[in-house]
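Below: one structure, written as structure tokens.
The values are calculated or read from the model by the stated rules, or taken from the named source; none is laboratory data. Quick caveat, the model's predicted, so the values are computed rather than measured. Note that each Cβ is placed from the backbone with ideal geometry, even for glycine, and that neighbours are counted across all protein chains shown. When the accessible area is computed, the model is the full protein with side chains, heavy atoms only, and any ligands, DNA or RNA have been set aside. Shrake-Rupley method; radii C 1.70, N 1.55, O 1.52, S 1.80 Å.
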Amino acid sequence: MPPVFPMLTVLSMFYYMCLRRRARTATRGEMNSRRAIESNTRALPINVEIVQYAKEVLDFSSHYGSENSMSYTMWNLAGIPNVYPSSGDFTQTAVFRTYGTWWDRCPSARLPFKRTPSTFCSQDYVELAFEEPVYPTAVHILETYHPGAVVRILACSANPYSQNPPAEVRWEVLWSDAPTKVNGPQARQFTPCIKQINFPTNLIRLEVNSSLLDYYTELDAVVLHGVKERPVLSLKPSMIDMNDIDEDEDEEKLGCGMETLNKQFSIVTLREWPTNGYFDKLPYELIQLILSHLTVPDLCRLAQTCKLLYQHCCDPLQYIHLSLQPYWARINDTSLEYLQSRCTLIQWLNLSWTGNRGAISVSGFSRFLKVCGSELVRLELSCGHFLNETCLEVITEMCPNLQELNLSSCDKIPPQAFNHIAKVGSLKRLVLYRTKVEQTALLSILNFCSELQHLSLGSCVMIEDYDLIASMMGAKCKKLRSLDLWRCKNITESGIAELASGCQLLEELDLGWCPTLQSSTGCFTNLARKLPNLQKLFLTANRSVCDTDIEELAANCTHLRQLDILGTRMVSPASLRKLLESCKDLSLLDVSFCSQIDNRVVLELNANFPNVFIKKSFTQ
């Protein structure tokens with residue numbers, strides 16, 4: 001029956017949308033104060049808006065800085081701004097480990113997972129706790145250098161300071177968008193229009209994608225605006241903000257899809273049609289090929305239509321490669337249980353970012369691998385804080401064919417647990433970035449995993465003698481192609497000599513922020529002469545790198561594509577010209593803070609070598 005007063009209904013909807021838009025975009029006062037916002041209408045009661053900076057950084061996927069320092073670390077996001085509104089490269093900011101597409105164009109780059117939803121583009125994240133739970137009205141992100149990386153802002157229902165953990169942890173997307181490239185690296189306050197949620201929060205998560213940026217993005221602080229009482233307008237779910245339809249539609253798709261994973265996959269009573277139309281005429285393999293382009297939530301939905309498509313959607317061949325990272329907020333033990341029967345042939349599995357705050361238990365993970373681990377070749381588990389020694393033991397026992405294991409930022413795994421990895425002799429790639437692996441366990445891994453081709457030990461602070469580790473690599477890991485020793489504090493020319501002599505297939509070597517390496521010992525010259533296949537070499541922040549080292553690289557490493565010599569004072573423009581003339585494939589050259597390379601020199605080199613991205617950072 002049509003409404004009696006249709007015009008009144010339309011006007012009410014329009015009035016509501018105007019009020020909501022005004023509430024989102026209303027001008028606010030100083031960010032470090034509390035104040036009352038008085039509504040001009042009777043629909044909104046007076047409510048006190050609380051403004052607070054992050055109290056604590058709870059979790060993050062990577063950072064540029066050291067584990068034992070504050071410079072360039074995510075911990076700088078806690079508290080009031082250190083730099084803003086200044087622009088430039090400052091150590092007091094939070095910086096992620098990577099930027100641009102350079103990391104996707106080096107020998108250690110991993111193949112992407114198919115079926116990743118186009119709406120999921122996050123590469124890194126940081127989670128921030130605030131003092132008081134509020135209903136968010138605004139989030140301000142103070143970006144001080146190369147802004148534009150933030151792609152998603154989420155709020156969590158769990159209070160990190162509560163003594164009683166909730167029975168269910170909910171995450172809601174407040175805002176999301178594709179990565180953008182902002183014109184210029186100058187500082188800005190980023191305040192996207194956020195969605196209202198129906199629970200208070202003091203846990204905010206930022207997800208970033210730096211692929212479009214010309215350099216590292218730097219974040220200074222995050223400010224959460226909110227009210228203690230639930231806004232009246234958010235109590236009317238029937239009302240819809242027409243400007244938010246597209247955003248909400250994407251989120252509903254994601255939520256519905258994963259709800260289907262947990263609740264609908266077990267459906268056994270499906271409608272059986274007398275015929276299946278044209279599907280009866282298509283070969284089974286062709287239908288499988290068509291369905292291979294669907295995301296996991298889409299497969300879940302399609303499985304509910306009829307028995308024929310249910311059979312296709314549950315075929316283990318559809319789950320040879322499976323990435324659950326895009327759905328990290330909704331994956332739990334129940335999800336894994338429903339997926340077990342479909343993943344018996346799985347070879348690639350990505351569970352990165354999943355399972356935290358009790359969503360996945362050790363027993364749930366173990367049950368899944370016992371059923372689905374026999375064919376696994378690649379296992380991605382970065383930032384999996386549910387992992388413990390039992391999990392690593394199950395991995396090594398249930399995954400005999402495993403070749404790639406990523407434990408990046410799994411900093412809750414106890415040191416002794418890494419001994420189990422030595423049992424997987426077939427490993428070709430091992431990522432231990434920001435883990436607590438100790439020297440004894442690592443020596444055992446290197447001794448028994450002689451097939452290793454890619455090894456990441458960046459920011460592994462519990463290793464006491466990197467020279468001994470390098471010597472073992474030189475003796476046992478002859479097939480090594482890429483090695484990340486970012487911020488290893490005690491490797492010397494002795495370890496470099498052993499490494500260069502034994503691992504002559506190396507194409508990628510990261511020695512950034514290794515302060516014990518000195519050019520005067522000849523270590524970099526030795527590298528250049530022994531490793532002619534080098535394509536990527538990072539000597540970041542080594543102030544001793546000199547013209548001799550650059551000239552040796554020009555003479556011996558003609559396949560070089562990426563070189564980072566940030567911070568050196570000893571390299572002249574003349575040696576860089578020789579390098580650029582010799583290394584025709586060079587695409588990245590970072591000379592930030594190189595005292596002899598000023599902006600005039602960079603402009604000249606850019607003019608003469610237009611195919612090379614020459615980066616010169618600055619501080620104001």
Descending accessible area (1.4 Å probe), largest on the left, turns Cys314, Cys583 into Cys314, Cys583
Measuring from the longest principal axis of the C-alpha atoms of the chain, the long axis of helix 439-448 (C-alpha) lies at a number of degrees, nearest 10, equal to 80
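Taking all protein chains together and a probe of 1.4 Å, list Val601, Val362 from the most accessible to the least accessible.
Working: Val601 5, Val362 45 Å².
Highest to lowest solvent-accessible surface, that is Val362, Val601.
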Rounded to the nearest 10 Å², the 1.4 Å probe accessible area of His140 is 10
Taking Cα atoms only, helix 466-476 is inclined relative to the longest principal axis of the chain by an angle, in degrees rounded to 10, of 80
Per its Cα gyration tensor (rounded if a/c is under 1.5, else prolate when a/b beats b/c, else oblate), the stretch 45-143 is best filed as oblate
In whole angstrom, largest first, the equivalent ellipsoid semi-axes that the Cα gyration tensor gives for the stretch 49-227 are 26, 20, 16
Note on the stretch 485-619, DSSP bridge orientation, antiparallel percent to nearest 5 equals 0
By accessible area (1.4 Å), largest first, Lys195, Lys436 order as Lys436, Lys195
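Pulled fully out, how much extra length does the chain show between Glu132 and Glu464, if you take 0.36 nm times their separation in residues and subtract their Cα-Cα distance? Walk me through the intermediate numbers first.
Numbers: separation 332, 0.36 × 332 = 119.52 nm, distance 4.13 nm.
Gain on stretching Glu132 to Glu464: 115.4 nm.
Multiply the residue separation of Thr558 and Ser71 by 0.36 nm, subtract the distance between their alpha-carbon atoms, and state the gained length in nm to one decimal. Can you show the working numbers first?
Values: separation 487, 0.36 × 487 = 175.32 nm, distance 3.42 nm.
Extra length from Thr558 to Ser71 when fully extended: 171.9 nm.
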By the C-alpha gyration tensor axes a ≥ b ≥ c (rounded if a/c is under 1.5, else prolate when a/b exceeds b/c, else oblate), the shape of the stretch 318-398 is rounded
The alpha-carbon center of the stretch 542-620 and that of the stretch 322-373 are separated, in whole Å, by 45
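Using a ≥ b ≥ c from the Cα gyration tensor of the stretch 276-376 (square roots of the eigenvalues), is it rounded, prolate or oblate, where a/c under 1.5 gives rounded and otherwise the larger of a/b and b/c decides, a/b for prolate? If you can, show how the numbers build up before the last one.
Numbers: a/c = 2.38, a/b = 1.96, b/c = 1.21.
Since a/c reaches 1.5 and a/b is larger than b/c, the shape of the stretch 276-376 is classed as prolate.
Between Ser595 and Asp315, what FRET efficiency comes out of the Förster formula 1/(1 + (r/R0)^6) with R0 = 51 Å and r the beta carbon distance, rounded to 0.05? Working shown, then result.
Values: r = 62 Å, r/R0 = 1.21.
E between Asp315 and Ser595, to the nearest 0.05, is 0.25.
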Helix 493-502 sits off the longest principal axis of the Cα atoms of the chain, rounded to the nearest 10 on a 0 to 90 degree scale, by 90
Taking a straight Cα-to-Cα line shorter than 15 Å from Lys195, and setting aside same-chain aspartates and glutamates fewer than 8 residues away, one finds Glu172, Asp177, Asp241, Asp244, Asp246, Glu247, Asp248, Glu249, Asp250, Glu251, Glu252
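For the stretch 485-619, what is the convex hull volume of its Cα atoms per residue in Å³? All intermediate terms of the calculation are to be shown ahead of the outcome.
Working: hull volume 11.7 nm³, N = 135.
Given the Cα convex hull of the stretch 485-619, per-residue volume reads 87 Å³.
For the stretch 485-619, what relative contact order do you get, as a whole percent, if you take Cα pairs closer than 8 Å and at least 6 residues apart? Could the numbers behind the result be given before it?
On the way: 290 pairs, mean separation 25.0, N = 135.
Once divided by the residue count of the stretch 485-619, the mean separation gives 19 percent.
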For Lys584 and Asn198, extending 7 Å from Cα along the Cα-Cβ vector and measuring point to point gives, in nm, a value of 6.5
The chain: relative contact order from alpha carbon pairs under 8 Å, six or more residues apart, as a whole percent, is 9
Within the chain, the percent of DSSP beta bridges that are antiparallel, given to the nearest 5, stands at 55
For Val227 the rounded accessible area (nearest 10 Å², probe 1.4 Å, non-protein molecules ignored) is 10
Only helices counted: for the chain, with every DSSP H run of 4 or more residues adding -39500 (n - 2.57) and the sum spread over all residues, [θ] at 222 nm is -7500 deg cm²/dmol
Probe 1.4 Å, all chains present, heavy atoms only: Glu375 accessible area in Å², nearest 10, is 80
